[in-house]
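Values in this text are rule-based calculations from the coordinates and carry no lab data. Everything numeric in this text was worked out from a predicted model, so none of it was measured. Positions of Cβ are generated from backbone atoms using ideal geometry, with glycine treated the same way; all protein chains shown enter the neighbour counts.
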Amino acid sequence: MTDLSTACWFKSSRSSGQHNCVEVAFLGGGRVGVRDSKNPTGPALTFGPAEWDGFVVALAANRFQR
């Protein structure tokens, strides 16, 4: 389990200050944490470097539909 107690979480600059956002934290070893901004003390997901890179590539290729 990854310790997230010292993680520095941030939202996208496109969030417009809304509370319905995803927050991201860059962790040691290339890992990335993701959590719901409405529940900062709740569960968070962590992804390894290859998983995160694959997600970012898919976003850039517009592979996700609303």
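Structure values in brief
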{"quantity": "For the chain: rounded, prolate or oblate by the Cα gyration tensor [a/c cutoff 1.5]", "calculated": "oblate"}
{"quantity": "Mean Cα-pair separation over length for the chain, i.e. relative contact order, pairs under 8 Å, 6 or more apart, %", "calculated": "21 percent"}
{"quantity": "Furthest towards positive pole of dipole, 26, 44, 61, structure part the chain, Cβ charges", "calculated": "61"}
{"quantity": "About the Cα centre, charge dipole magnitude for the chain (Lys/Arg +1, Asp/Glu -1 at Cβ), debye", "calculated": "280 debye"}
{"quantity": "Among beta bridges that DSSP assigns inside the chain, antiparallel share in %, nearest 5", "calculated": "100 percent"}
{"quantity": "Vicinal HN-Hα couplings computed from phi for segment 48-56 (Karplus, 6.51 cos²θ - 1.76 cosθ + 1.60; Hz; Gly/Pro x)", "calculated": "x, x, 5, 5, 5, 4, x, 5, 5"}
{"quantity": "Full-stretch length increase - residue 22, residue 39 - with 0.36 nm per residue and alpha-carbon distance subtracted", "calculated": "5.1 nm"}
